[in-house]
Amino acid sequence: MFDRKLLLALALVPGLGPLTIQKIINALDDPKDIWELSPGDQKALGLRKPLPPFEETLKRAEKEIKALERLGASYVTFWDEDYPLLLKEIATPPPVIFYCGSLPQGRDLLSVVGSRSASSYGLSVTKEWVSIFVQNGLGIISGLAMGVDGAAHRAALKGGGLTYAVLGCGLDIDYPAAHRHLRRKILAAKGGLLTEFPLGTEPRAGNFPVRNRIISGLSKVVLVVEASLKSGSLITARLAAEQGREVFAVPGPVYSLRSQGCHQLIREGANLADKPEDVLSVFGVKPKSFSPPSELTLGPEEAKVLEHLSGSPLSIDEIVYLSGLSTVEVARILTELELEGLVERLPGNFYRRVRR
């Protein structure tokens, strides 16, 4: 068994990636010996520049451990028994994972990802399907981003399930800030926050494609609910396919830019998912009876607004005219209905009903 602190120290050396660290571990009886090698031998193992002094590197690891403890966090290395088994299967597993809460284990794990600017349709599908997934025993993994990710975590928590968030920054960085309370709820429900980035790492754009391989690697199946052609969710889906995971995509309205990425994935060979049973079948789960998410109790005014909405967009002025209500009342009601996923707001202040 290798010295865990030394493995952490290697992972904290700038420029040492997962593959290089794996080479070092495989080539040497003791990772500490890397500091004794000649510059040529170090270069042969993938090092691009000289290592910092050994004592300095070890002190940085000790400092990181103390900071993690103050945060109530910890770390696990690839060579530890409690490292997630599914993640060991991918081509470039992170040598060290920093985490708060629990680590995801087992094979009944599903990644749910999608657009940060999800439509009411995408949010509705996410909430309803994730509720079914957790009631059938699946754990949910996502990236804590706005939109589909956040909706997936919340639906899992609401259904009493386990959910895990993979971050693109250090554990001490609240990103996105709007999900600070969601982080706490995930931990309170015995889920977990995970990252391969050390404390203090800011959420840079380049971090997210890297972390996406962990989202897909931790799960048996990846479900993309809604995604544009430039969405990071497509990166997750393609990484999942390379890792031998099953990939499902939810089709959407043909005119929706947010669904074009899902349609592209289906054209490329992803499984089409138009009902949650499609995903559950991969886990060998026969769906149990479930209780759908509670609907909004509609008062007479809310019902009056909803009955005039269909799949064809209407402006607020048209809704005011048809319902006979004031503009202020209609705006308030539409906001409530949108939050419940019953209506979708379109550009230009138009609204349409979302069928559930």
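What follows is calculated from the coordinates using simple rules that are stated; it is not laboratory data. For clarity, every value in this text was computed on a predicted model and none was experimentally measured. As a convention, Cβ positions derive from the backbone with ideal geometry for all residues, glycine included, and neighbour counts pool all protein chains shown.
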Along the Cα→Cβ direction, 7 angstrom out, place labels at L187 and D29. What is the inter-label distance in nm? 4.3 nm
On the formula 1/(1 + (r/R0)^6), with r taken between the Cβ atoms of N271 and A205 and R0 of 25 Å, the FRET efficiency rounded to 0.05 is 0.25
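Sort F98, F133 by Cβ crowding within 10 Å, fewest neighbours at the top. Write out the running numbers ahead of the final one.
Numbers: F98 26, F133 29.
By the 10 Å Cβ count, ascending, the order reads F98, F133.
Quick check on the chain: take the gyration tensor over C-alpha atoms, sort the square-rooted eigenvalues as a ≥ b ≥ c, and tell me if it's rounded (a/c under 1.5), prolate or oblate. Intermediate values should be presented prior to the final figure.
Details: a/c = 2.43, a/b = 2.23, b/c = 1.09.
It comes out prolate by the Cα gyration axes.
Among K190/K286; K127/K230; K127/K185, which pairs are too far apart, with a Cα-Cα distance over 20 Å? Don't skip to the end; give the middle numbers.
On the way: K190/K286 26 Å; K127/K230 23 Å; K127/K185 17 Å.
Long pairs (Cα-Cα over 20 Å): K190/K286; K127/K230.
Could you list L8, L272 so that the one with the fewest beta carbons within 10 Å of its beta carbon is first and the one with the most is last? Please report the intermediate quantities before stating the final value.
Values: L8 24, L272 13.
Final ranking by Cβ density, sparse to dense: L272, L8.
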Among I186, I316, I173: highest mean-square fluctuation, GNM of the chain, C-alpha pairs under 10 Å: I316
Kindly write out, for the range 259-276 in residue order, the coupling ³J(HN,Hα) from the Karplus curve 6.51 cos²θ - 1.76 cosθ + 1.60 (θ = phi - 60°), rounded to whole Hz, with x marking Gly and Pro. 9, 5, x, 5, 5, 5, 4, 5, 4, 7, x, 5, 6, 7, 10, 10, 7, x
Rounded to one decimal in Å, the inverse mean reciprocal Cα-Cα distance for the range 140-228, i.e. its Kirkwood radius, is 13.1 Å
Using the Cα atoms of the range 300-353, I'd like the radius of gyration and the largest Cα-Cα distance, Dmax, both in angstrom. 9.5, 27
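For S315 and T92, what does the FRET efficiency come to when R0 = 45 Å and r is the distance between their Cβ atoms, rounded to the nearest 0.05?
Computed FRET efficiency for S315 and T92 comes out at 0.35.
Using a simple charge model, +1 on the beta-carbon of Lys and Arg, -1 on the beta-carbon of Asp and Glu, nothing else, what dipole does the chain show about its Cα centre, in debye to the nearest 20? Write down the numbers at each step before the final one.
Working: 42 positive and 40 negative charges, 26 e Å.
That gives the chain a dipole magnitude of about 120 debye.
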If R0 is 22 Å, what FRET efficiency do you get for D278 and I173 from their C-beta distance, rounded to 0.05? 0.05
Sort 194-206, 101-113, 225-237 for me by packing, meaning the mean count of neighbouring Cβ atoms within 10 Å per residue, highest on top. 225-237, 101-113, 194-206
Could you give the nm distance between label points at S74 and K158, where each point is 7 Å from its Cα heading toward the beta carbon? 3.3 nm
Farthest positive-ward along the chain dipole, Cα basis, beta-carbon charges - from I34, L103, G252: I34
May I ask you to derive the relative contact order of the range 173-285, considering only C-alpha pairs under 8 Å and at least 6 residues apart, and to give it as an integer percent? 20 percent
Out of S142, I90, V222, whose Cα points farthest toward the positive end of the dipole of the chain (charges: +1 Lys, Arg; -1 Asp, Glu; placed on Cβ)? I90
Rounded to the nearest 5, the percent of antiparallel DSSP beta bridges in the range 109-283 equals 0 percent
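Taking Rh as the Kirkwood radius computed over C-alpha pairs, what is the Stokes-Einstein D of the range 109-283 at 20 °C in a medium of viscosity 1.002 mPa s, expressed in µm² per second? Walk me through the numbers on the way to the answer.
Details: Rh = 15.6 Å.
So the translational diffusion coefficient is about 137 µm²/s.
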Shape call for the range 225-293, from the Cα gyration tensor axes a ≥ b ≥ c (a/c under 1.5 means rounded, otherwise prolate when a/b beats b/c, else oblate), comes out oblate
Using the Karplus equation 6.51 cos²θ - 1.76 cosθ + 1.60 (θ = phi - 60°), what ³J(HN,Hα) coupling, rounded to whole Hz, does each residue of the range 158-170 give in order, writing x for Gly and Pro? 4, x, x, x, 8, 9, 10, 10, 9, 9, x, 7, x
Run through the DSSP bridge list for the chain and note the antiparallel percent, rounded to the nearest 5. 45 percent
Which cross-chain or sequence-distant (5 or more) residues have an amide H under 5 Å from the amide H of A145, H modelled 1.01 Å from N in plane? G150
